[in-house]
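These notes concern the structure reproduced below.
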Amino acid sequence: MSFIVVLAKITPKKGCRDTIVEISQELIETTLSEEGNIEYQLLQSTDDDTLTFVEKWESPEALQKHMASPHFQNFGGESADFVENMEIQVLNADEVKL
C-alpha cells in the first residue's frame, strides 16, 4: 500500500504548548473524517514542549484538499502567534511487508 506521510513538527513559543493543543482539537476532529485521511494525530515530545502532527493520506490530492480546507486554514491563522518554529516533512511511502 502506498500513501503520503506528513510530519509537522511545531516548536511552541514559551508557555504556549497548551494553547496550541487546544486550538488543534477542532482541526484533528474534522480532519479525521476527511476523505483520503488514514491517520491524523498530535504527539507531544517527552523531552520538551515540541508537538508533532503525524498524518497519513491516501494520495497527494487528498493532502492538497486538506491543506485548502477551512479548518486547516483556520488552524494556521489561530496558531500563528503561538508558534516559534515549524518544520514539515512530506514522504511518499510504501508499506514494508515483513
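The values are calculated or read from the model by the stated rules, or taken from the named source; none is laboratory data. As the structure is a computational prediction, the values presented were derived from the model and not from experiment. Reconstructed Cβ throughout: ideal geometry from the backbone, glycine too, with neighbour counts over all protein chains shown. For the accessible areas, the whole protein counts, side chains as well, though only heavy atoms, and no ligand, DNA or RNA atoms are used. Shrake-Rupley method; radii C 1.70, N 1.55, O 1.52, S 1.80 Å.
Points worth noting:
- Average Cα contact separation per residue, the chain, under 8 Å, 6 or more apart, as relative contact order %: 48
- Cβ-placed point charges (K, R +1; D, E -1), dipole of the chain about Cα centre in debye, nearest 20: 160
- By accessible area, using a 1.4 Å probe on protein heavy atoms only, the chain has 49% of its surface on carbon and sulfur.
- Entry note, the chain: the mean residue ellipticity at 222 nm calculated from DSSP H runs of n ≥ 4, each adding -39500 (n - 2.57), is -10000 deg cm²/dmol after division by the residues and rounding to the nearest 500.
- Nearest 10 degrees, 0 to 90: helix 70-79 Cα axis against the chain principal axis: 30
- Amide H partners (placed H, <5 Å) of residue 13, local residues excluded: 83, 84
- Choice from 24, 33, 79 showing the highest fluctuation, given a GNM over the chain with Cα pairs closer than 10 Å: 33
- Put simply, the amide H of residue 39, placed in the peptide plane, has neighbours under 5 Å in 56, leaving out anything fewer than 5 places away on its chain.
- The label-point distance for residue 39 and residue 19, in a model that sets each label 7 Å from Cα toward Cβ, rounds to 3.1 nm.
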